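Have a look at the structure below, then the notes.
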Amino acid sequence: MVDTPVFGSAAVAAPHHLASEAGRAVLAEGGNAIEAMVAMAATIAVVYPHMNGIGGDGFWLIHEPGGKMHGIEACGPAGTLATIERYRAKDYDSIPARGPEAALTVAGAVEGWRLALDLSRSRGGRLPLRELLADALRHAREGYAVSPSECGNRPNELEALKAAPGFLKTFWPDDAPPKPGSHRKMEALAETLQQLAGAGLDDFYRGDVGREIAADLERIGAPVTRADLERYHARTVAPLTLALPGLTVWNMPPPTQGLAALVILGLFERLGRVELDSFAHHHGLIEATKRALAIRDRHVTDPAYATGDPARFLGEAMLAREAAEIDARRAAPWPVKPGHGDTIWMGAIDGKGLAVSYIQSIYWEYGSGCVLPATGIHWQNRGISFSLDKAAANPLMPGRKPFHTLNPAFARFDDGRILAYGAMGGDGQPQFQAQILTRYRLGQNLATAIDAPRWLFGRTWGSASTGLKVESRFDSALLERLDAAGHPVEESGLAYSEGFGHAGMLVKHANGRVEAAHDPRSDGDAKGI
């Protein structure tokens, strides 16, 4: 299933072909990478609703041709009514995963689009918003074919999802997953996009759309108020960065797990040279993942409540100390907690070298499951990552931002190449990023690095086990050695599985040529001009 990478003067990559086509069209019209990404983000919010939507959050890494890196954090905080006391009074031991009580944070994605377009215009971006939203609006109004990924998806907490207001009517009208070949219109969402195209993206929070959102959230009993929407603004942030031999890598700071993604790479580099697909390659990444996730779980929280600079974990002394704890022959024991996540990653690089790595999500498949009738927006359940324990690392509190698995990645090589890359997949995101990047660094081309079999360490997507889950295409001798070293191997039985992420990579070479590839596990592709 290896796809040939696309080449051109500019390119995009997305997990749905309609999104990549929207981005390609913008580039062909002379739009820049940010404008292309907004068109892609709006389109995929319509046609891939089990993975993302405008009722969710987003994170941007934007690399300018001169080398400057921008980060945009577009994740919303808990609503005014989202208190521990509220949930305890209703006899909850934890925040429910579905329904109105799960729809407890402000959706930040659209505000992130607005902030990114401000940067675009300051760098010469000229395309009007109505053009950027045109494809998304058309697919919502005229309808689109439900994707194979959505048809085959089997959500967690199914009965609670089906009970969420508006879910069945909107997504499963036959009280069952959509059948292959089915067609869906999103008329209320189309009207929302039409309003945003005319009034501007700020209307989502402080205009007519925001008023309708707030009224529907109040009607279903969700904890987010109109005042929460009105006061929300995305913000620019300084990305975390790590220098490695021959390249520099960037990722997002807390409240995302971008720190874990960089720690994995930093620890792996200190384990010494390895051969591609050797025991040392995969064992080293797995053990680095364990230590990175442990650091993440102890220290990643809303930065307003953090106790120290997260960059300290990327310092030489800290990485050397952590790497010294890794046994080159044996697996370390591991306690782990579950981390779900359904998300999309997309990338774009334009002809001038402006590059974007972007991720957008509603957390679990279909998020909270709640579809707001006036706007057609389905709302995220990102707030379920909060704890109802006041002493926890991420306790629920009005105005506090939840922990995020979302983390777009970027790299710049010393030879002039720039690389936008990433993957969906909850706790798997930093693991999948590390696998595709190290494969590329060890000599595989983009498409082969993305196509190659992947593993997932830990418990996720409702699985009860904490073993090493693998796709079926790994060499059996390698799996036997990993198992013998203390990594309990669990073969998925599938050669390609969405459970191992949708990944993508785009590289602009020093000669100006852009190369791009996306995951055969998805419904997407890469397109160039």
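Within the range 230-261, being in contact with a strand residue (DSSP E or B) (Cβ under 7 Å, 6 or more places away or on another chain) and of a type in the set (A, V, I, L, M, F, W, C) holds for A234, V237, A238, L240, L242, L247, V249, W250, M252, L259, A261. Restricting the first member to the range 233-251 and to residues that are in contact (Cβ under 8 Å) with a residue 12 or more places away in the chain and of a type in the set (D, E, K, R), and the second to residues that are part of a strand (DSSP E or B) and buried (at least 23 other Cβ atoms within 10 Å of the Cβ), the beta-carbon pairs closer than 7 Å and six or more apart or on different chains are R235/E73.
Within the range 499-516, take every residue that is open to solvent by 50 Å² or more (accessible area, probe 1.4 Å) and out of contact with any Gly (no Cβ under 6 Å at 6 or more places or on another chain) and give me the one that is farthest from Y48 (Cα to Cα).
It comes out as N511.
Would you confirm whether or not the range 15-27 contains a residue that is part of a loop (DSSP other than H, G, I, E, B), more than 24 Å from V237 (Cα to Cα) and polar (S, T, N, Q)? Checking the range 15-27: not a single residue is part of a loop (DSSP other than H, G, I, E, B), more than 24 Å from V237 (Cα to Cα) and polar (S, T, N, Q).
Within the range 218-237, work out how many residues are among the hydrophobic types (A, V, I, L, M, F, W, C) and assigned to a helix (DSSP H, G or I). Don't jump to the end; show me each part of the working.
In the first step, residues of the range 218-237 are kept if they are among the hydrophobic types (A, V, I, L, M, F, W, C); the result is 220, 222, 224, 227, 229, 234, 237.
Retained after the next criterion (residues that are assigned to a helix (DSSP H, G or I)): 220, 227, 229.
So the answer is 3.
Just one of the listed residues (A215, A197, A261) is surrounded by fewer than 18 Cβ atoms within 10 Å (Cβ to Cβ), of a type outside the set (D, E, K, R) and not in a loop (DSSP other than H, G, I, E, B), namely A215. Of everything listed in (1) closer than 17 Å to A109 by Cα; (2) within 26 Å of the chain's Cα centre (by Cα); (3) free of Cβ contacts under 8 Å to residues at least 60 places away in the same chain, the single unmet condition for Q195 is (2). Within the range 390-418, residues that are in contact (Cβ under 8 Å) with a residue 12 or more places away in the chain reach partners that are of a type in the set (A, V, I, L, M, F, W, C) and open to solvent by 50 Å² or more (accessible area, probe 1.4 Å) with beta carbons closer than 6 Å, at six or more positions or on different chains, in the pairs G416/A510.
Please count how many residues of the range 135-164 are touching a His at 6+ places or on another chain (Cβ under 8 Å), free of Cβ contacts under 8 Å to residues at least 40 places away in the same chain and under 27 Å from P100 (Cα atoms). Adding up the residues that qualify gives 1.
At least 1 residues being closer than 26 Å to A409 by Cβ is the threshold, and among the strands (runs of 3 or more DSSP E) wholly inside the range 464-523 those reaching it are 468-470, 503-508, 514-518.
Each row is one residue, and each column tells you yes or no for (1) assigned to a loop (DSSP other than H, G, I, E, B); (2) out of contact with any Phe, Trp or Tyr (no Cβ under 7 Å at 6 or more places or on another chain); (3) buried (at least 20 other Cβ atoms within 10 Å of the Cβ); (4) modelled with pLDDT of 90 or more.
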| position | (1), (2), (3), (4) |
| --- | --- |
| R312 | no, yes, no, yes |
| R321 | no, yes, no, yes |
| D327 | yes, yes, no, yes |
| R330 | yes, yes, no, yes |
| V336 | yes, yes, no, no |
| A348 | no, yes, yes, yes |
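Exactly one residue among R454, R382 is at pLDDT 95 or above, among the basic types (K, R) and more than 23 Å from Y232 (Cα to Cα), and that residue is R454. Across the range 166-194, what is the total count of residues that are aliphatic (A, V, I, L, M) and either touching an Asp or Glu at 6+ places or on another chain (Cβ under 7 Å) or open to solvent by 60 Å² or more (accessible area, probe 1.4 Å) (or both)? The total comes to 1. Note on the range 378-403: residues that are in a loop (DSSP other than H, G, I, E, B), touching an Asp or Glu at 6+ places or on another chain (Cβ under 8 Å) and under 30 Å from A190 (Cα atoms) total 3. The lone criterion from (1) within 21 Å of the chain's Cα centre (by Cα); (2) within 22 Å of G272 (Cα to Cα); (3) open to solvent by 50 Å² or more (accessible area, probe 1.4 Å); (4) of a type outside the set (D, E, K, R) left unmet by Q431 is number (3). Close Cβ contacts (under 9 Å, 6 or more residues apart or on different chains) running from residues in the range 54-74 that are touching a residue at least 60 places away in the same chain (Cβ under 8 Å) to residues that are open to solvent by 30 Å² or more (accessible area, probe 1.4 Å) and polar (S, T, N, Q) comprise M69/T241; H70/T236; G71/T236; I72/T236; E73/T236.
Results for (1) in contact with a Lys or Arg (Cβ under 9 Å, 6 or more places away or on another chain); (2) among the small types (G, A, S), shown as yes or no for each residue.
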position	(1), (2)
G353	yes, yes
Q360	no, no
V371	yes, no
I377	no, no
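For the range 415-423, the count of residues that are assigned to a loop (DSSP other than H, G, I, E, B), on the phi < 0 side of the Ramachandran plot and surrounded by 24 or more Cβ atoms within 10 Å (Cβ to Cβ) is zero.
So which residues in the range 2-39 are touching a strand residue (DSSP E or B) at 6+ places or on another chain (Cβ under 8 Å) and under 19 Å from V146 (Cβ atoms)? The answer is A14, P15, H16, H17, L18, A19, S20, E21.
Being under 24 Å from D57 (Cα atoms) and not acidic (D, E) narrows it down to one residue among R231, R291; which is it? Result: R231 is the single residue among R231, R291 that is under 24 Å from D57 (Cα atoms) and not acidic (D, E).
Contact map, the range 165-182: first residue without any contact (Cβ under 8 Å) to a residue 40 or more places away in the chain, second residue assigned to a loop (DSSP other than H, G, I, E, B) and among the basic types (K, R), Cβ cut-off under 8 Å, separation 6 or more or different chains; pairs are P177/R154.
Can you name the residue in the range 474-498 that is open to solvent by less than 20 Å² (accessible area, probe 1.4 Å) and out of contact with any Asp or Glu (no Cβ under 8 Å at 6 or more places or on another chain) and, of all such residues, is farthest from E150 (Cα to Cα)? Result: A485.
Of all the listed residues (D350, D309, D327), the sole one being under 30 Å from G8 (Cβ atoms) and over 21 Å from the mean Cα position of the chain (by Cα) is D350.
The values are calculated or read from the model by the stated rules, or taken from the named source; none is laboratory data. Because the structure is a prediction, the values reported are computed rather than measured. So basically every Cβ, Gly included, is an ideal-geometry build from the backbone, and we count neighbours across all protein chains shown. Each accessible area value is taken on the protein alone, full model and side chains, heavy atoms only, with ligands, DNA and RNA left out. Shrake-Rupley method; radii C 1.70, N 1.55, O 1.52, S 1.80 Å.
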